[in-house]
1. Could you say whether any residue in the stretch 80-88 is touching an Asp or Glu at 6+ places or on another chain (Cβ under 8 Å) and exposed (fewer than 15 other Cβ atoms within 10 Å of the Cβ)?
2. Which ones in the stretch 13-34 are over 19 Å from Ser117 (Cα atoms), modelled with pLDDT of 90 or more and more than 12 Å from the chain's Cα centre (by Cα)?
3. Residues that are more than 21 Å from Gly16 (Cβ to Cβ): list the strands (runs of 3 or more DSSP E) wholly contained in the stretch 41-82 that include at least 1 such residues.
Amino acid sequence: MKSDGSNVKRISFGKGIYGTPVWSPRGDLIAFTKLHKGKFYIGVMRTDGSGERLLTENFYQEAPSWSPNGRVLIFYRETKTDSKGKGFSAKLWSIDLTGYNERQVPTPTDGSDPSWSSLLSN
């Protein structure tokens, strides 16, 4: 859409439900959450909707946020806290645009809905 909110155009036509779109710092990609067949995915696509790539899948994960250099996404993921499926824990995770180097971000307690700040300058 235009910056004034007019001329809205749908770009996601894959199977599933798309949400939480976030523009990359360079403006060439959009990160998103996708729900399809009971699984959640974090993915990216070009601004015209082409080139969809799913980077990671899990039981429940969402809220991607771009690193200032546009090479890494941070998001949160909920996992079961015991082997019987009782209780859940929300943790922050990061993944690079290749879909590799997926890592849990250490936090003292649970965390959700991350938002990466822009680069700070002195």
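The values are calculated or read from the model by the stated rules, or taken from the named source; none is laboratory data. Keep in mind it's a predicted model, so treat the numbers as computed, not measured. All Cβ positions, even for glycine, are placed from backbone atoms using ideal geometry, and neighbour counts span all protein chains on display.
1. To start, the set of residues in the stretch 80-88 that are touching an Asp or Glu at 6+ places or on another chain (Cβ under 8 Å) comprises 88.
Checking the rest, the ones that are also exposed (fewer than 15 other Cβ atoms within 10 Å of the Cβ) come to 88.
Yes, the conditions are met somewhere in the stretch 80-88.
2. Going residue by residue through the stretch 13-34, those that are over 19 Å from Ser117 (Cα atoms) are 13-19, 33-34.
Cutting the leftovers down to modelled with pLDDT of 90 or more gives us 15-19, 33-34.
Correct list: Lys15, Gly16, Ile17.
3. Working: elements: 53-58, 60-66, 72-80.
In the stretch 41-82, 60-66, 72-80 are the strands (runs of 3 or more DSSP E) which contain 1 or more residues that are more than 21 Å from Gly16 (Cβ to Cβ).
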